[in-house]
Amino acid sequence: MSTSVAINNKFEVLEAVKLPNPKESIVAVLGLGYVGLPLMVGFADDQRTIGFDIDASKIQDLRNGEDSTDMTTKEDLIKENMDFTCDVNALREADVMMVCVPTPVMQGNKPDYRPVLAASRTIGQNMKRGCVVVYESTVDPGTTENKCVPILEEVSGMREGVDFYVGYSPERVSPGEHARRVGDIAKIVSGSTPAVTDYLAELYSRVVKAGLFKAASIKVAEAAKILENTQRDVNIALINEMMQLFDAMDIKVTDVVAAAGSKWNFHKYFPGLVGGHCISVDPFYLLSAGRGHGLAMEMVSSARQVNERTAHYISDKLHEMLDAESHNLQGKRVLVLGRAFKDNCPDIRNSKAFAVMDSLWTRGADVFSYDPIADDGHFEGGRGAKIINSLEEEGPYDAVVVTAKHDCFVEEIDLFRLASVVGRGAPIVDLRGLFDEKMAKLQFNYWTP
Ligand SMILES: NC(=O)c1ccc[n+]([C@@H]2O[C@H](COP(=O)([O-])OP(=O)(O)OC[C@H]3O[C@@H](n4cnc5c(N)ncnc54)[C@H](O)[C@@H]3O)[C@@H](O)[C@H]2O)c1
């Protein structure tokens, strides 16, 4: 493969390095979180893998077979082909490097590219000639080519398309949905040239059995991922807004969705708190890109605002049901079921359950948070909320808010157990439909959207 490159205004034809063999590629994964770890486990079945992370305690846990994200099992982590390391030198033998580091927002909801740029620097310092660098982190279109490639080239002194290659392949795993693992989800691949796209398609097809989609370009693949997540944000915002209107009209939005869902082209969404570091964050990358092009992106922006405000609607609802006459909830004991940002997922980062708890605490309530699956290693502080390890620990409570419908709640907490810690007539604000209308029969003051 030869490529013509302009050097000092003269075109030179350079011999481009050969792409690696997908079957024999040594795979390095940078960032071993919810995305990177299951990906590495998938490849480790029949190729050599190197898992690199800057968090030394995580590397130690993984070497001991412990995964706090609950995305893999102990058996997954003891495969022969896996090395977990903090040592950048280990990356030097990799044929392909997959970047799965966080893409959060900074204050003011501005994109924080620092982890992705730092990972690019690490790769630039340690990649061999012929390496393929593929980004999986969610970014706005143009990030791979305009922000990451210049760093790879500058730090390595090598040239993309001649000495190494890049691609982008967004991750679509959904933590908490254990039935859909990496291999079960169709994957988008894109490369800087059609040959790189083909290489990535062949490589990923060794793990992904649900099909590969070759995107028209890296930018298209970046845009596709961020559109998917923004679409969810907008749709959930619509149903959260409808919940408020229908509630004021004494109509249950879930009954409305069931009825409307009888039409073939109606898409069902249910109210919820949109937190975590994907759906509630990625639209800000799009908004930032929009600003760069003089576009306000009003729909995306107002969806974000509606979803941010939903936590306050839930605490207002509880306040109204618990003591509408009083300006505060002084001395009221409120049990909040769910600290994780979504059902069946231990991740509490950017969980809007904390916004509900903060809002109740600000009104004077004593807030007790119960969530046996939450990974509190990332505890961001719920100000006044006290974490409890059993439902009974601090009962009796004056009210309950449900922010997550974990399987363990469904299995563990029946009406009788709840009745043993919450008095009759107590308000139960059940955002996720953990309980049902039988609650009202048991003389609880039950509300679910
Ligand atoms: N979690 C999801 O559901 C999900 C789904 C699809 C896409 N994504 C996207 O995938 C990316 C990763 O998300 P995640 O949930 O796995 O994040 P995570 O926080 O669970 O894991 C990221 C890991 O990267 C490590 N890290 C940070 N900087 C590093 C660096 N410079 N070099 C090496 N390691 C570094 C961190 O220590 C951490 O272990 C993000 O862009 C996210 O938006 C996430």
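If you place +1 on the Cβ of every Lys and Arg and -1 on the Cβ of every Asp and Glu, how big does the dipole about the Cα centre of the chain come out, in debye to the nearest 20?
Charge dipole, the chain, about its Cα centre: 860 debye, nearest 20.
Using only Cα atoms, locate the centre of the stretch 241-259 and the centre of the stretch 268-291, then give the distance between them in Å, rounded to an integer.
The distance from the Cα centre of the stretch 241-259 to that of the stretch 268-291 comes to 23 Å.
Strictly over 32 Å apart at the Cα level, which of Lys147/Lys214; Lys23/Lys342; Lys18/Lys58; Lys128/Lys209 would you flag in this model?
Lys23/Lys342; Lys18/Lys58, as the Cα separations exceed 32 Å there.
Counting alpha carbon pairs within less than 8 Å and at least 6 residues apart, what relative contact order, in whole percent, applies to the chain?
About 11 percent, as a whole number.
As I understand it, the dipole of the chain uses +1 on the Cβ of Lys and Arg and -1 on the Cβ of Asp and Glu, about the Cα centre. Which of Met158, Val257, Ala237 lies farthest toward its positive end?
So the residue we want is Met158.
What are the ³J(HN,Hα) couplings of the stretch 216-223, residue after residue, when phi is run through the Karplus curve with 6.51, -1.76, 1.60 and θ = phi - 60°? Round to Hz, x for glycine and proline.
Taking θ as phi minus 60°, the curve returns 5, 6, 4, 4, 5, 5, 5, 5 Hz for the stretch 216-223.
In the chain, what % of DSSP beta bridges are antiparallel (nearest 5)?
Antiparallel bridges make up about 15 percent of those DSSP assigns within the chain.
Given charges of +1 on the Cβ of Lys and Arg and -1 on the Cβ of Asp and Glu, with all other atoms neutral, how large is the dipole of the stretch 15-216 about its Cα centre, in debye to the nearest 20?
I would put it at about 300 debye.
In percent, what relative contact order does the stretch 301-447 have, based on Cα pairs under 8 Å that are 6 or more apart in sequence?
24
Which residue, Tyr446, Asn307, Ala419, has the largest displacement toward the positive end of the dipole of the stretch 301-447 when charges sit on each Cβ (Lys, Arg +1; Asp, Glu -1)?
Most positive-ward Cα: Asn307.
Per residue of the stretch 394-403, what does 6.51 cos²θ - 1.76 cosθ + 1.60 with θ = phi - 60° give for ³J(HN,Hα)? Whole Hz please, x for Gly and Pro, Karplus curve as stated.
Working through the residues one at a time gives 10, x, x, 10, 8, 6, 9, 10, 10, 10 Hz.
By DSSP, what percent of the beta bridges with both residues in the stretch 15-216 are antiparallel, rounded to the nearest 5?
Here the antiparallel bridges make up roughly 10 percent for the stretch 15-216.
What is the local net charge at Ala404, summed over the other residues whose Cβ is closer than 10 Å to its Cβ (Lys, Arg +1; Asp, Glu -1)?
Charge balance in the 10 Å sphere: +2.
Residues with amide H under 5 Å of Val166's amide H, sequence separation 5 or more or different chain, H placed in the peptide plane at 1.01 Å from N; which?
Answer set, sorted by chain and number: Val133, Gly161, Ser192.
Over all directions, the average projected area of the alpha-carbon convex hull for the stretch 168-273 comes to how many nm²?
Seen from a random direction, the Cα hull of the stretch 168-273 projects 8.3 nm² on average.
Quick one: P(r) of the stretch 301-447 from all Cα-Cα pairs, 5 Å bins, percents rounded to integers, in order of increasing distance.
P(r) over the stretch 301-447, rounded to whole percents: 2, 10, 20, 25, 22, 14, 5, 1, 0.
When the convex hull of the C-alpha atoms of the chain is computed, what volume per residue in Å³ does it have?
Considering the Cα atoms of the chain, their hull volume per residue is 158 Å³.
How large is ³J(HN,Hα), in whole Hz, for each residue of the stretch 81-91 in order, when computed from phi with the Karplus curve 6.51 cos²θ - 1.76 cosθ + 1.60 and θ = phi - 60°, using x for Gly and Pro?
7, 10, 10, 9, 8, 10, 8, 4, 4, 5, 6
Read the figures in this text as sums done on the coordinates, not as results from a lab. A quick note: this is a predicted structure, and the numbers were derived from the prediction, not measured. Reconstructed Cβ throughout: ideal geometry from the backbone, glycine too, with neighbour counts over all protein chains shown.
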